[in-house]
C-alpha cells in the first residue's frame with residue numbers, strides 16, 4: 001500500500017473484505033504512518049449520506065469554499081482535491097451501495113469516474129465489503145487489495161495469545177475452518193472461555209464449530225451473528241443488559257460512564273474487562289485511565305438487536321449532565337453538552353436539543369468552532385418539524401446559527417440563503433426582534449461580499465425595526481455593521497460615530513465580546529485616518545478583552561489591525577510578527593476571510609521591505625482564497641498589492657493589468 005501511495009498513476013486504492021477482517025485498522029495504520037501528504041481527511045460512512053451533504057462536509061474539512069448551487073458541488077469537490085496533495089479515506093463505502101451493487105446516490109459514481117480521469121497528486125483510500133463497479137478504462141488508475149483472513153501461522157499465534165491450547169493439528173484445523181477471520185476467532189475464543197474457564201484446550205469444540213452453530217458452510221457474516229448470539233447468551237443477565245445499554249454511547253467510555261447506564265446494579269471495571277475478554281469490547285489506556293469502546297461490526301449488531309433504549313438514552317443524558325462543567329475554556333469542556341444534544345435528538349426531543357445548542361453556540365462561535373455549529377444546527381434543520389409559533393421562532397434561530405457559521409467561514413452566499421429563510425419565518429410569525437436580527441445579519445453578509453450600499457440598506461432597515469424592541473445587542477451589531485460599511489466606503493468619521501454608539505451600548509449591557517469588536521473597529525478607522533497611536537490604543541484594549549474572554553476570532557482581528565498600524569508607522573518587522581500571529585489563529589479556527597487578510601497584509605509588508613518574490617507568494621495565496629470564497633473586497637486588495645509588487649520589479653504592463661482588475665472590482669462594489 002505504501003508503494004501504491006507513491007506511484008505516479010495510482011489515484012484510488014481499495015481494500016475489500018467482509019466485516020471484522022480489519023480493513024479499517026489496516027488503513028488507519030497507513031493513514032497514521034504516511035507523511036507525504038499536505039493534508040489527510042478521514043470520512044466514515046456510518047450512514048448513507050447524500051453526496052450533497054458529504055461534499056459540503058469534505059470542502060469544509062479541506063478549508064475550501066462551498067458553491068452556492070448544488071449542481072456545482074461535484075465540480076468543486078474534484079477541482080479542490082486537485083489543488084494540493086491530499087489523502088482522502090472513504091471508510092465503509094459499501095454503505096453507499098444498494099444490495100444489487102447500484103449506488104444510492106449516483107453522484108458518488110460520477111465523482112469517482114471524474115476523479116480517475118483527472119490529473120492529480122491526491123489519492124483516495126477506500127474500504128468496502130465489496131468492490132464498486134467501475135468501467136474498465138479506469139482500472140489502470142486503481143489498485144485493489146482483497147483482504148483475506150489471517151495466515152494459518154498468524155491464526156495459531158492469535159489463539160496462543162488468547163490462551164487457547166491444543167495440538168498443532170487441531171488448532172490449525174480450527175483456523176482453517178474460520179478462514180482466518182480474526183474477529184470470529186476472538187469471539188469463538190471468548191465463548192470457549194465462558195464455557196471452560198481461563199485456559200481452554202481447542203478440543204473442547206469436539207466437533208466442527210460451524211455445525212454447532214447450525215451453519216452448513218463457512219459464512220463470516222452469519223457466523224459472527226451466531227457467535228455473538230452464543231456469546232451474549234453465556235453472559236449473566238446483568239452483563240447482557242449492560243452490553244446492550246452501552247451501545248448508546250458514541251465516544252469511548254470509562255467504568256463510571258458504564259455504571260450510569262445500569263444504576264440498579266453495581267458495575268465494575270472487572271465486568272467491562274470480562275466483556276473485553278470475550279472480545280465484545282475493546283480496551284485502551286489513555287492519560288486519565290482505561291476506556292472502552294466497541295468494534296464497529298459488534299456495535300452495529302447490538303444496535304440492531306437492542307430494542308427500545310429510550311430509558312437508556314435518558315440515563316446517558318443524566319450522566320453527561322453530572323460531569324458537565326459550569327464554565328468551559330476548551331472544546332473538551334463542552335463535550336458532555338454535545339453528547340446531551342445527541343441523545344436528545346435520538347429521543348426526538350428537539351426542543352431540549354435546541355436548548356443545548358443555544359447554550360453552546362456563544363462558546364463555539366467565540367473560539368471559531370464553526371464546523372461544529374454547522375454539524376449541530378444541520379441536524380436540527382433536517383430533523384426538527386416545529387409545531388407552533390414559539391418553536392418556529394426558535395427554529396429560525398437555528399437557521400441564523402447556520403448562516404452565521406457559514407458567514408464566518410467566508411461562505412457568504414450560503415449564509416445569505418439561511419438568513420433569508422430566518423427572515424421569512426420572522427415576518428410570518430410577526431417576530432420583530434427576529435426580523436431585525438435577520439436584517440442585521442444580511443447586512444453583515446453583503447458587507448463581506450463587498451456590496452456595501454446593499455449592506456447599509458439592510459442595517460438601516462434593522463435599526464428601524466429594532467427601535468420597537470429592547471434587544472440592545474442587535475442594535476449595537478447593526479451600528480457596528482454600519483460603521484464597517486462606511487469605513488469601507490472611505491467615510492471614516494461617519495464610521496467612528498457609529499462605532500462609538502455601538503461601544504456605548506455594549507458597555508452598558510456588559511457585552512465584553514461586543515465591546516472588543518467596537519474597540520477593534522475604532523482602531524481600524526483611526527488607522528485609516530493616519531492617527532496611528534490612537535488606533536494602537538484602541539486595538540490593544542480590544543486585544544486584551546479578546547484574550548480575557550477567549551475570543552479567538554476577535555484576537556486575530558486585533559492582531560491583524562495592530563500589524564496594519566505598525567506597518568503604517570514603517571515598523572515592518574513588528575507588523576510581520578502581528579500578522580503571523582493573526583494568520584496562525586485564522587488557520588486554527590478556519591477563518592478564511594481572516595486568513596486571506598493576513599496573507600494580503602504580509603505580502604504588502606514584504607513589498608515594503610523590497611522582498612518582492614516573498615510578497616508575490618503571499619499575495620497569490622490571499623488572492624486564491626478570496627476567489628474561492630467570493631470575497632470581492634479582498635480580491636481587489638490582493639490584485640492591487642500584486643500590482644504594487646510587479647511595479648516595484650519594473651514589470652509595468654503586468655502591474656497595470658493587476659491594477660485594472662482591482663479597479664474594476666472596486667467600481668463594481670462601490671469601494672471608494
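Using the rule -39500 (n - 2.57) for each DSSP H run of four or more residues, divided by the residues of the chain, the 222 nm mean residue ellipticity is -21000 deg cm²/dmol. Going by the alpha-carbon gyration tensor, a ≥ b ≥ c the square roots of its eigenvalues, is segment 237-323 rounded (a/c under 1.5) or, if a/c is not under 1.5, prolate (a/b greater than b/c) versus oblate? Taking the square roots of the gyration eigenvalues as a ≥ b ≥ c, segment 237-323 is rounded.
Determine the distance separating the Cα centre of segment 171-199 from the Cα centre of segment 247-277; give it in Å without decimals. Computed from Cα coordinates, the inter-centre distance equals 25 Å. Relative to the longest principal Cα axis of the chain, at what angle does helix 237-246 sit, 0 to 90 degrees, rounded to 10? For helix 237-246, the angle is close to 30 degrees. Hey, what D do you get for the chain in µm²/s if you plug the Kirkwood alpha-carbon radius into Stokes-Einstein at 25 °C and 0.890 mPa s? Once the numbers are plugged in, D ends up at 86 µm²/s.
Packing here is the average count of other Cβ atoms within 10 Å per residue, and on that basis the peptides 532-544, 90-102, highest first, run 532-544, 90-102. The alpha-carbon atoms of segment 237-279, seen along their principal axes, cover 23, 21, 16 angstrom, with the largest extent given first. Taking only Cα atoms, what is the 0 to 90° angle, nearest 10, from helix 370-383's long axis to the longest principal axis of the chain? That helix lies at roughly 70 degrees to the long axis. For segment 365-405 versus segment 497-562, the inter-centroid distance based on Cα atoms is 28 Å. Put simply, the C-alpha atoms of segment 386-510 give a gyration tensor, and the ellipsoid matching it has half-axes of 24, 17, 11 Å, longest first. Based on the reciprocal of the average 1/r between different C-alpha atoms, the Kirkwood radius for segment 2-146 equals 15.5 Å. Going by alpha carbons, how many degrees (0 to 90, nearest 10) lie between the helix axis of 572-589 and the longest principal axis of the chain? Roughly 40 degrees between the two axes. The overall shape of segment 14-84 is oblate: from the C-alpha gyration tensor, with semi-axes ordered a ≥ b ≥ c, the ratio a/c is 1.5 or greater and a/b is no larger than b/c.
Taking the DSSP bridge list for the chain and keeping only pairs wholly inside it, about 25 percent are antiparallel.
Hey, how many Å between the Cα centroid of segment 108-164 and the Cα centroid of segment 416-489? Between the Cα centre of segment 108-164 and that of segment 416-489, the gap is 51 Å.
FYI, it's all coordinate maths here, none of it is from the lab. What you see is a predicted model; the values in this text were computed from it and never measured. Cβ coordinates were reconstructed from backbone atoms using ideal geometry, including for glycine residues, and neighbour counts include every protein chain displayed.
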